[in-house]
Amino acid sequence: MTASRTAAIASATAWFDAGSLQAELKRRVAFPTESQNLARADTLVAYLSDEIGPTVERLGFQWQLWPNPAEGAPPMLFAERHEDASLPTVLIYGHGDVVAGYDAQWSDGRSPWELCAIEGKWFGRGTADNKGQHTVNLAALGRVLEQRGRLGFNAKLLLEMGEEIGSPGLRMACERHAERLSADVLIASDGPRLSSDRSTIFLGSRGAFNFDLDVVLREGAHHSGNWGGLLANPGTILASAIASIPMDGVIGRSSMRGGTAKLLGCGRTPRQGGASGLPYTNEGRKGARSPFRPSNRCVLSRRCARPAGTDTGP
Ligand SMILES: [Zn+2]
């Protein structure tokens, strides 16, 4: 380990122990950045322009707000710290919006907008998604700069404020600014952890694949007769197809044409802890039972390791 790496890690540890991470996160949690609440539009902008912008500026980034190409959707922040064209570029993604606070539902009179520590756990809206993550990432950059005066790579940051409402305009913005966002590696700290006391790094990112299921059997309206009669009922076929989705990335089509269609490559079942050392168990996730079959696949392995076809549409 190089001396500057050791020093940067020591500096990060000391920074954390001094309560600096907690203080930084507390300030960010205090912004009620509910993207589902239209009345918070100004707060969403303020989080970027009053909090994140000045923070990254202190780290030597140049930043700007990108208007959202989707009408009425919140802007995004793009920041860049360029060191040298010969160095690799890291693109960091995060989101500053949170789900609704449900202020009245917090126990013991606590507020979602006030970070509070209870028995080693920090409570506050956004601590685990996603203010905690980007606060850690930005703080890490700060500690490295403190020690080395440089990162050793070029850094770009894209922070959106609409992730919790489906990231309106994100795709369009990425297409529009493809050149500026180009990078050698993407670090998107916004996903599940296998265990709360252990860091998790996934090499890859799960995505969503949207599609329509149509059953087109014949032109016009027809009377199908009792229980379907001679004409196949598209409703029944569709229901059967939807019912067969929650399998390992395989959509059953047996009711339509026979056989199955592979939607996604189907991985092997990850080991249930044990030799892999990965905590694929439901322990500590009280009440979180796997809604899938076969039942030996726990919630974590389904969420983190296996492709899964899950119908979330209307
Ligand atoms: Zn998130």
Counting Lys and Arg as +1 and Asp and Glu as -1 over every other residue whose Cβ sits under 9 Å from the Cβ of Phe61, the net charge comes to +1
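Rounded, prolate or oblate: which fits the stretch 3-188 when a ≥ b ≥ c are the square roots of the eigenvalues of the alpha-carbon gyration tensor, with rounded for a/c under 1.5 and prolate only if a/b beats b/c?
oblate
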Length gained, Asp103-Val215, 0.36 nm per residue minus C-alpha separation, equals 35.9 nm
Cβ density ranking, 10 Å radius, fewest first, applied to Ile201, Ile165 yields Ile201, Ile165
Of all chymotrypsin sites (Phe, Trp or Tyr not before Pro) in the stretch 77-162, the ones in DSSP coil with at most 13 other Cβ atoms within 10 Å are Tyr102
Filtering GluC sites (Glu not before Pro) in the stretch 64-132 by DSSP loop and by at most 13 other Cβ atoms within 10 Å leaves Glu71, Glu114, Glu119
Most packed first (mean Cβ within 10 Å per residue), the peptides 156-162, 140-146, 125-131 order as 156-162, 125-131, 140-146
For the stretch 1-152, the dipole about the Cα centre with charges only on Cβ (Lys and Arg +1, Asp and Glu -1), to the nearest 20 debye, works out at 440 debye
Sequence order, the stretch 125-131: Karplus ³J(HN,Hα) from phi using 6.51 cos²θ - 1.76 cosθ + 1.60, θ = phi - 60°, Hz rounded, Gly and Pro as x, gives 5, x, 4, 9, 6, 9, 5
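Bear in mind that the values in this text are calculations on the coordinates, not laboratory data. Note that the structure is predicted; figures quoted are calculated from it, not measured. Positions of Cβ are backbone-derived with ideal geometry, glycine not excepted, and every protein chain shown enters the neighbour counts.
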